[in-house]
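*Asks:* Quick one: the structure is below, questions incoming.
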Amino acid sequence: MIAAIAAVVLAASIYLVFFHAPAPSPRPAVPQLPFGPEEQAYAGKLQFGNLAMSRAENFLHQEVTIMSGEVANTGGRPVQAIDATITFQDDMQQIVLRETRSLLRPGAAPLEPGKTVSFEISFDHVPPSWNVQTPSVRVVGVQLAGNKR
């Protein structure tokens, strides 16, 4: 009887350790920048340039992929913050990674009309199927200076 109970406990333990994944922890809600009609219209006035990709090793000796570039404000209003979606594709133009990142954070100095600001974004886990081409960058959130979130 004791051996049967021990076998059941052992089998349940093995199942819990190896086959039952822990429940994923909920991601904290990331506040999104506004992207209503006014912001969508202004997004076309934010021009990306000098996009470059590189690779580096982080402090854990893991390779990271880094995208650097510039965003220019060609419109007539200061921009307080910018969020963009960066999309990596494979050789068949299928999406292998899509992430939304802040290019200009709300606490930074505003990007004035006619000015350009540099940005750098690192990606820890770019899939090996990535075609090693510069990913696409699309504005998905803009906070114009003077507008409250």
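The values are calculated or read from the model by the stated rules, or taken from the named source; none is laboratory data. Given the structure is predicted, the values throughout are model-derived calculations rather than measurements. Methodologically, a virtual Cβ is constructed for each residue, glycine included, from the backbone with ideal geometry; neighbour enumeration extends over all protein chains shown.
*Asks:* Considering every residue within region 45-52, establish whether at least one is crowded, with 17+ Cβ neighbours inside 10 Å, at negative phi and modelled with pLDDT under 95.
*Replies:* Within region 45-52 (the criterion being crowded, with 17+ Cβ neighbours inside 10 Å, at negative phi and modelled with pLDDT under 95), the answer is no, since none of the residues qualifies.
*Asks:* Name every residue in region 132-149 that is in contact with a strand residue (DSSP E or B) (Cβ under 6 Å, 6 or more places away or on another chain), under 20 Å from residue 94 (Cβ atoms) and part of a loop (DSSP other than H, G, I, E, B), in order of residue number.
*Replies:* Matches in region 132-149: 134, 135.
*Asks:* Among residues belonging to region 60-106 that are part of a loop (DSSP other than H, G, I, E, B), touching a residue at least 24 places away in the same chain (Cβ under 8 Å) and under 18 Å from residue 123 (Cα atoms), point out the one that is nearest to the chain's Cα centre (by Cα).
*Replies:* 105
*Asks:* Next up: Test each condition in (1) outside any strand (DSSP E or B); (2) touching a Ser or Thr at 6+ places or on another chain (Cβ under 7 Å); (3) small (Gly, Ala, Ser) for residue 109 and report the one that comes out false.
*Replies:* That leaves (2) as the condition not met.
*Asks:* Of all residues in region 53-73, count the ones that are closer than 18 Å to residue 137 by Cα and either loosely packed, with under 14 Cβ neighbours inside 10 Å or in contact with a helix residue (DSSP H, G or I) (Cβ under 6 Å, 6 or more places away or on another chain) (or both).
*Replies:* Count: 2.
*Asks:* So residue 109 passes all but one of these: (1) of a type outside the set (Lys, Arg); (2) at pLDDT 95 or above; (3) farther than 19 Å from residue 38 by Cα. Which condition number does it fail?
*Replies:* Residue 109 satisfies every listed condition except (2).
*Asks:* Restrict the check to region 45-59 and report whether at least one residue is within 13 Å of residue 111 (Cα to Cα), in contact (Cβ under 8 Å) with a residue 40 or more places away in the chain and not in a loop (DSSP other than H, G, I, E, B).
*Replies:* From region 45-59, those within 13 Å of residue 111 (Cα to Cα) are 45-47; that's our starting set.
When the remaining residues are screened for being in contact (Cβ under 8 Å) with a residue 40 or more places away in the chain, the result is 46.
Subset that is not in a loop (DSSP other than H, G, I, E, B): 46.
Within region 45-59, one or more residues are within 13 Å of residue 111 (Cα to Cα), in contact (Cβ under 8 Å) with a residue 40 or more places away in the chain and not in a loop (DSSP other than H, G, I, E, B).
*Asks:* Further, regarding this structure: May I ask you to verify whether residue 89 is more than 23 Å from residue 56 (Cα to Cα) and either crowded, with 17+ Cβ neighbours inside 10 Å or among the polar types (S, T, N, Q) (or both)? If you could, list the steps in order and put the result at the bottom.
*Replies:* Working: more than 23 Å from residue 56 (Cα to Cα): no; either crowded, with 17+ Cβ neighbours inside 10 Å or among the polar types (S, T, N, Q) (or both): yes.
Spelling it out, it is not the case that residue 89 is more than 23 Å from residue 56 (Cα to Cα) and either crowded, with 17+ Cβ neighbours inside 10 Å or among the polar types (S, T, N, Q) (or both).
*Asks:* With the requirement that a residue be in contact with a Pro (Cβ under 7 Å, 6 or more places away or on another chain) and farther than 19 Å from residue 49 by Cα, what does region 81-117 give you? Walk me through it before giving the result.
*Replies:* Looking only at region 81-117, we keep the residues that are in contact with a Pro (Cβ under 7 Å, 6 or more places away or on another chain), and these are 81, 86-88, 96-97, 110-113.
Answer for region 81-117, where residues must be in contact with a Pro (Cβ under 7 Å, 6 or more places away or on another chain) and farther than 19 Å from residue 49 by Cα: 96, 97.
*Asks:* Which one is surrounded by the most Cβ atoms within 10 Å (Cβ to Cβ) among residues in region 92-128 that are under 15 Å from residue 139 (Cα atoms) and of a type in the set (Lys, Arg)?
*Replies:* Here the residue is 101.
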